[in-house]
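Below: the structure, in structure tokens.
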Amino acid sequence: MAAASSTQHATALSTFESELSALVLASRMTIAMRHLARLILGATMPTTIIYCDNMSVVAQLAKRDLTGLT
């Protein structure tokens, strides 16, 4: 978990966009934390699983279509 404050760079036009944005942010933070853990601990961490409960995002990712249009 992390907290940050910044100006808003983009506005999501749909739930799909906001959920995808949150998923990307979580992925980036996970990668950074894994790199930090490897640096500090000197060992590779086991695979990290990120759960997403938004079925529209899951469906679009399965189709590899990130336009958000169905």
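Considering only residues that are more than 24 Å from Ser56 (Cβ to Cβ), free of Cβ contacts under 8 Å to residues at least 12 places away in the same chain and open to solvent by less than 90 Å² (accessible area, probe 1.4 Å), which ones fall in the stretch 20-44?
Scanning the stretch 20-44 gives Ala32, Leu36, Ala37, Gly42, Ala43.
Of the residues that sit in the stretch 54-70 and are open to solvent by 100 Å² or more (accessible area, probe 1.4 Å) and modelled with pLDDT of 75 or more, which one is nearest to Ser18 (Cα to Cα)?
Met55
The values are calculated or read from the model by the stated rules, or taken from the named source; none is laboratory data. Note that this is a predicted model, so its numbers are computed, not measured. Backbone-built Cβ (ideal geometry, glycine too); neighbour counts: all protein chains shown. For accessibility, only protein heavy atoms count, side chains too; no ligands or nucleic acids. Shrake-Rupley method; radii C 1.70, N 1.55, O 1.52, S 1.80 Å.
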